[in-house]
Structure formats: C-alpha cells, structure tokens
Amino acid sequence: GAVVSQHPSWVICKSGTSVKIECRSLDFQATTMFWYRQFPKQSLMLMATSNEGSKATYEQGVEKDKFLINHASLTLSTLTVTSAHPEDSSFYICSAGETTGTDTQYFGPGTRLTVL
Amino acid sequence: LAKTTQPISMDSYEGQEVNITCSHNNIATNDYITWYQQFPSQGPRFIIQGYKTKVTNEVASLFIPADRKSSTLSLPRVSLSDTAVYYCLVGAPARQLTFGSGTQLTVLP
C-alpha cells in the first residue's frame, strides 16, 4: 500500500514554544490530508482536514489559530502547534488518501509531542 | 458519518481464527468499509477494505452481508503479534473517517 511519513517521530518542547510536524505522502499525491490526535488509551480524534492550495477545515472545538495547517503541495502537509502547553501533549497522526477509486486512507506513523 | 459499533475487547489463543464483527446500521450507499490495525504508539495500519460480499487478501478476509449493515473481519491463525486494537470504519472516498472505540484483541499463548 501507499506510504505516509511523519517527521519528527517525537518531540519534546518547552511550554510556550511552537512545534511543526510534517506529513508526507511518499509515493502518491494527495489533495486532501487529515490530522488526528490521540490521547493515551483513547481512539483517534479528527482535528482538521488539510486541503492542498486552500484553507484547512477544522473540527468543532479545535482552535485554528493554535493548530496551524499548511498544505502547500500535493505531497506535504504541516501542522504547527503554536504556543504549546502541557495539555497539548499527545500523539498526532496524519493520513492521506490516494485519489483513485475508493481513496483508501493511509496513516503516518505518528508524532509524539511532549510539552514540558 | 456512519457510526460503528464493535466489541470493546476480545481474547483468543495462538493459532485460532478470530472474527470481529462491526455494526454500521446507517451506512450510506457510497460508503466503503475499512479495517485498520493499531499498535501502541503507532499509526493505524490498513488491513482490508470492501464494499459488499467478501474480500480476501494475504492477511485477512472481510465478510459483508447484502444489507451492508454489518461486517466481519476474519483473521486466520492469529499469533501473539496480532495483539492490537482493530478499528472498523465506514466512509465515502475522500471523506474524513470517524474512529470508534475499536476492539482490543489480545492473543494469548
């Protein structure tokens, strides 16, 4: 199947700093990518839909000014957590789908963010 | 978005066949059914996808009845490394997926 990568795989930062997470589709182009967040022992929660060349669509309750999403190319979407706080510590996962037929979503390996 | 219901947990022994059933009563005409496997601290891994009837690949089979209101993931001869959370999702192409609670499968020696 298609491969989606994320970078970094883990990051530790101080409270108040910003962190950027990259999501790349390695062998296919994706006009749409999705960002999820997962807390320990919980399921994945959709945060936003990243659309290439346009603004992201955020789920209810997700602050768009805090979680900045940029989808500048068909293979790269970035999530920037601005002014991070300890409650933002979580596992962030992106997904992308091949735009063929069923558009099966493939997920990245995730990024563990720890805010001190 | 269709809601899915799965058992919270299941136990099995090595070498057994495991069947995990998911109900999705409100599935829409253009929705596909997709199953993912997730290990701790990893992103979900695609297992299998189907629309109707039966689909089989090298790791699993997916059974979908005619009314498509449920589906069953079948894992043949599980091993300890199959211990994971399994998610059933329904959705249309290019649409976001809504994750339910998933099924924690524990394979015992």
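Per-atom-type breakdown for segment A:48-91 gives carbon and sulfur 49% of the accessible area (1.4 Å probe, protein chains only). Between the listed residues B:Asn57, B:Thr98, B:Val78, the Cα displaced farthest toward the positive end of the dipole of segment B:48-109, a dipole computed from Cβ unit charges relative to the Cα centre, is found at B:Thr98. Exposed loop sites are taken as trypsin sites (Lys or Arg not before Pro) in a DSSP loop (any state but H, G, I, E or B) with at most 15 other beta carbon atoms within 10 Å; the longest stretch of chain B without one runs B:4-51.
Pick out, from A:Thr17, A:Leu79, A:Ser95, the residue whose Cα sits farthest towards the positive end of the charge dipole of chain A, with +1 on the Cβ of Lys and Arg and -1 on the Cβ of Asp and Glu. Of the candidates, A:Thr17 comes out farthest on the positive side. Leaving ligands and nucleic acids aside, the B/A contact buries around 1500 square angstrom of accessible area in total at a 1.4 Å probe radius. For segment B:86-109 and segment B:1-62, what is the separation of their C-alpha centers, rounded to whole Å? A separation of 6 Å, based on Cα centres.
Taking only Cα atoms of the protein assembly as shown, what ratio of Rg to Rh do you get with Rh as the Kirkwood inverse-distance radius? Spell out each step's value before the answer.
On the way: Rg = 17.6 Å, Rh = 18.1 Å.
That ratio equals 0.98.
Counting only heavy atoms of the protein chains, get the accessible area per residue of the protein assembly as shown (1.4 Å probe) and round it to a whole Å² value. Don't jump to the answer; show the numbers that get you there.
Values: 11030 Å² over 225 residues.
For the protein assembly as shown, the per-residue accessible area is 49 Å².
Between A:Ser83 and A:Gln42, the modelled label-to-label distance comes to 2.2 nm, taking each label 7 Å out from Cα in the direction of the beta carbon.
What is the local net charge at B:Gly15, summed over the other residues whose Cβ is closer than 15 Å to its Cβ (Lys, Arg +1; Asp, Glu -1)? Please report the intermediate quantities before stating the final value.
On the way: positive: B:Arg77; negative: B:Asp11, B:Glu14, B:Glu17, B:Asp82.
Computed value for this residue: -3.
With a 10 Å cut-off around each Cβ of A:37-43, the average count of Cβ atoms from other chains is 3.
Counting pairs on different chains as well as pairs 8 or more places apart, how many Lys pairs in the protein assembly as shown have Cα atoms under 17 Å apart? Can you show the working numbers first?
Numbers: A:Lys14/A:Lys66; A:Lys20/A:Lys64; A:Lys20/A:Lys66; A:Lys55/A:Lys64; A:Lys55/A:Lys66; B:Lys3/B:Lys69; B:Lys52/B:Lys69; B:Lys54/B:Lys69.
So the count of such lysine pairs works out to 8.
When the other protein chains are added to the chain by itself, burial of at least 20 square angstrom of heavy-atom accessible area (probe 1.4 Å, ligands and nucleic acids ignored) affects these residues of segment B:20-59: B:Tyr32, B:Tyr36, B:Gln38, B:Ser41, B:Gly43, B:Pro44, B:Phe46, B:Gln49. The Cβ shell under 13 Å around B:Thr53 holds other residues with a net charge of +2, Lys and Arg each +1, Asp and Glu each -1. Take each residue of peptide B:5-16, count the partner chain Cβ atoms within 10 Å of its Cβ, and average: the result is 0. Taken about its Cα centre, segment A:22-110 carries a charge dipole of about 120 debye when Lys and Arg each add +1 at the Cβ and Asp and Glu each add -1 at the Cβ.
Taken about its Cα centre, segment B:1-59 carries a charge dipole of about 280 debye when Lys and Arg each add +1 at the Cβ and Asp and Glu each add -1 at the Cβ.
Would you tally the net charge around B:Leu89, using a Cβ to Cβ cut-off of less than 11 Å, leaving B:Leu89 out, and scoring K and R as +1, D and E as -1? Intermediate values should be presented prior to the final figure.
Working: positive: B:Lys3, B:Arg95; negative: B:Asp31.
Net local charge, B:Leu89 excluded: +1.
Working from Cα pairs under 8 Å separated by at least six residues, relative contact order for chain B is 37 percent. Each Cα pair under 8 Å and six or more residues apart adds its sequence gap; the mean of these over the residue count of chain A is a relative contact order of 37 percent.
From largest to smallest, what semi-axes in whole angstrom does chain A give when each is the square root of 5 times an eigenvalue of its alpha carbon gyration tensor?
Working: eigenvalues 106, 41, 33 Å².
The equivalent ellipsoid of chain A has semi-axes of 23, 14, 13 Å.
By the rule of a second cysteine Cβ within less than 4.7 angstrom, the protein assembly as shown holds isolated cysteines at A:Cys13.
Need one value for A:87-94: mean number of C-beta atoms belonging to other chains within 10 Å of its residues' C-beta atoms.
On the way: counts 0, 0, 0, 0, 4, 1, 4, 1.
Partner Cβ neighbours, averaged per residue: 1.
The values are calculated or read from the model by the stated rules, or taken from the named source; none is laboratory data. What you are looking at is a predicted structure, and each value in this text was computed from that prediction instead of being measured. We place every Cβ from the backbone using ideal geometry, glycine too, and count neighbours over all the protein chains shown. To get the accessible areas, we keep the full protein, side chains included, count just its heavy atoms, and leave off ligands, DNA and RNA. Shrake-Rupley method; radii C 1.70, N 1.55, O 1.52, S 1.80 Å.
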